[in-house]
Amino acid sequence: MISIIQAAGWPIWPLIACSVLALAIILERFVSLKTSRVAPARLLEEVITVTRNGVPTPDVVSQLEQNSALGEVLASGLHALNTNPRCSEDDLRATMEGVGRQVAHRLENHLGALATIASAAPLMGLFGTVVGMIEIFGSQAPGVAASANPAQLAHGISVALYNTAFGLMVAIPSLIFWRYFRALVDAYLLTLEVSAERLVLHIKSLRK
């Protein structure tokens, strides 16, 4: 591996930095976007069951808020009801939507950087290719045969090919994981939206 990096020349170092950053983002997102941290399977049913006898106490709501991202959204609505029991449905929705936007921002954290790496890595590989080609042609002095400097010629070809390949090796996994996380976040956001609406309808039914 060291010999490949040496053969690729200095243009490969930015690509190595991008690969390390992309790997760190991917691992961090896998941990942060676990279902148990975002939208536990039966959390909404538990909240609906607990609220059938009235709005839970602030301490219980605070525990719900720390449970997960979904718990944070649902807890914001219950906090609003604890503060103002006569809170209207529109106000309740607005409160949860506001917290939901904050949660959505956290769920999408670092995805923009991963998408940027996926887009920029092939261009950085192309830049390395251009540098390699410049070295190839620069090694040929006017009037000298192309085989006059085979070591410099081979080095230029290595820089060109290794950078192109490494750029694609960084870009392709980054793009795949970006699309995976993007779809996962969209699914979570839909779950949060549907769950918040179900809680509003549940509170509405209790008031009748």
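Here are the numbers for the structure shown:
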{"item": "Only Lys, Arg (+1) and Asp, Glu (-1) charged, at Cβ; the stretch 54-130 dipole about Cα centre in debye", "result": "220 debye"}
{"item": "Estimated 222 nm signal from helices in the chain, with DSSP H stretches of n ≥ 4 weighted -39500 (n - 2.57), rounded to 500", "result": "-27500 deg cm²/dmol"}
{"item": "Nearest-ten-degree value, helix 150-207 long axis tilted from longest Cα axis of the chain", "result": "10 degrees"}
{"item": "Karplus-derived 3J(HN,Hα), 6.51/-1.76/1.60, for each residue of the stretch 80-86, Hz, glycine and proline x", "result": "4, 5, 5, 6, 9, x, 9"}
{"item": "Selection from Ser88, Leu23, Gln102 lying farthest towards where the dipole of the chain points positive, charges on Cβ", "result": "Ser88"}
{"item": "About the Cα centre, charge dipole magnitude for the chain (Lys/Arg +1, Asp/Glu -1 at Cβ), debye", "result": "340 debye"}
{"item": "Helix 12-32 axis, angle to the chain major axis (alpha carbon atoms, nearest 10°)", "result": "20 degrees"}
{"item": "Viscosity 0.692 mPa s, 37 °C: Kirkwood-radius Stokes-Einstein D of the chain over Cα pairs, µm²/s", "result": "159 µm²/s"}
{"item": "Fluctuation leader among Arg86, Arg106, Arg37 - the chain, Gaussian network, Cα springs under 10 angstrom", "result": "Arg86"}
{"item": "All Cα pairs of the stretch 48-137, percent lying beyond 15 Å", "result": "70 percent"}
{"item": "Most mobile of Ala24, Ala121, Ala196 in a GNM of the chain (Cα contacts under 10 Å)", "result": "Ala24"}
{"item": "Sequence-separation-based contact order of the stretch 37-127, relative, with Cα cut under 8 Å and 6+ spacing, percent", "result": "22 percent"}
{"item": "Normalised contact order of the chain, rounded percent, pairs of Cα under 8 Å and 6 or more residues apart", "result": "30 percent"}
{"item": "Cα gyration tensor shape for the stretch 153-208, rounded if a/c is under 1.5, else prolate or oblate", "result": "prolate"}
{"item": "Among Ala165, Ala115, Ala69: highest mean-square fluctuation, GNM of the chain, C-alpha pairs under 10 Å", "result": "Ala165"}
{"item": "Whole-Hz ³J(HN,Hα) from phi, Karplus 6.51 cos²θ - 1.76 cosθ + 1.60, for the stretch 97-107, glycine and proline x", "result": "5, x, 5, x, 5, 5, 5, 4, 4, 5, 5"}
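Only the coordinates and a few stated rules stand behind these numbers; no lab work does. These numbers come from a predicted model, not from an experiment. We place every Cβ from the backbone using ideal geometry, glycine too, and count neighbours over all the protein chains shown.
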